[in-house]
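Note sheet for the following structure.
The values are calculated or read from the model by the stated rules, or taken from the named source; none is laboratory data. Quantities reported herein were computed from a predicted structural model and do not represent experimental measurements. Cβ placement follows ideal geometry from the backbone for every residue including glycine, while neighbour counts extend to all protein chains displayed. For accessibility, only protein heavy atoms count, side chains too; no ligands or nucleic acids. Shrake-Rupley method; radii C 1.70, N 1.55, O 1.52, S 1.80 Å.
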Amino acid sequence: MKEPTERELAQQNIAENRKAFHDYHLLESFEAGLVLLGTEVKAIREGRVNLRDSFARVEDGEVFLYNVNISPYSHRGYADHEPLRRRKLLLHKDEIRKLIGKTVERGMTLVPTRLYFKHGRVKVSVSLAKGKKEYDKRETIKRRETDRETRAAIKSKR
C-alpha cells in the first residue's frame with residue numbers, strides 16, 4: 001500500500017455525507033470554502049458537525065449551504081452561533097455560473113459530500129447530483145453484493 005502524499009495528509013477529514021452516495025448519482029464535484037464564525041470553526045475542530053440531509057442552493061448569484069448542523073462549541077462563553085443557519089459557500093464566478101446552468105435547466109441538486117480541513121481552512125466538497133429512483137438503489141445494492149460474493153469466491157479458491 002502506498003503512503004499518502006503531503007497533499008492528502010494536509011486534508012484532514014471532518015465529516016462525510018454517506019447518505020448522499022446512496023440517494024444520488026454524483027456527477028461532478030466542486031471544492032468550496034465556507035463563511036463561518038469563530039465558534040463554528042472551534043466546534044468543527046471538535047467534530048461537532050453533521051452533513052446528513054444538507055443541501056446547497058444558488059440564490060442571486062451566490063451559493064448557500066442549508067441544514068448543516070454545527071453544534072455549539074463546548075467551551076463557549078457569551079459568543080454562540082445558530083446550529084442550522086445558512087452558510088455562504090465561496091466559489092469562483094465561473095463555477096457559480098456553471099452551477100446555475102445545470103441546477104436550473106436540468107433539475108439537478110447540489111449536495112455536500114465531505115467537510116474537511118485543507119491547510120488550516122474548512123472546505124466543503126459540493127457535488128452536482130441527480131436523485132436516484134428506488135430501483136436504482138436496489139440495483140446498486142445488488143451489484144455490491146455480487147462483487148462481494150465474487151471476491152469471497154476468488155479468495156476461497158486460493
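In table form, for the structure just shown:
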| quantity | calculated |
| --- | --- |
| Accessible heavy-atom area order of Ser125, Ser74, highest first, probe of 1.4 Å | Ser74, Ser125 |
| Modelled FRET efficiency - R0 25 Å, Leu84 with Leu26, Cβ distances, 0.05 increments | 0.60 |
| Contact order relative to length of the chain, as percent, for alpha carbon pairs under 8 angstrom and 6 or more apart | 31 |
| Karplus (6.51, -1.76, 1.60) ³J(HN,Hα), θ = phi - 60°, over the range 98-109, in Hz, Gly and Pro reported as x | 5, 5, 4, x, 6, 6, 7, 6, 8, x, 8, 10 |
| Segments 139-150, 109-120 sorted - mean Cβ within 10 Å per residue, highest first | 109-120, 139-150 |
| Table column - 3J(HN,Hα) (Hz), the range 55-63, Karplus curve with 6.51, -1.76, 1.60, x for Gly and Pro | 8, 10, 9, 8, 9, 6, x, 10, 10 |
| Rotationally averaged projected area of the range 4-158 (alpha carbon convex hull; nm²) | 12.5 |
| For the range 21-113: rounded, prolate or oblate by the Cα gyration tensor [a/c cutoff 1.5] | prolate |
| In Hz, Karplus ³J(HN,Hα) per residue of the range 119-127 (6.51, -1.76, 1.60; θ = phi - 60°; x = Gly, Pro) | 6, x, 10, 7, 10, 10, 9, 10, 10 |
| Cα lying deepest toward the dipole's positive end in the range 1-119, options Phe30, Gly77, Val104, charges on Cβ | Gly77 |
| Cut-off under 5 Å, modelled amide H: who pairs with Asn69 long-range | Asn50 |
| The range 4-89, relative contact order in percent, only Cα pairs under 8 angstrom and at least six apart counted | 28 |
| The range 18-34 and the range 92-107: distance between their alpha carbon centers, rounded to Å | 15 |
| Net length gained if the chain between Arg158 and Tyr135 were fully extended (0.36 nm per residue, minus Cα distance) | 4.8 nm |
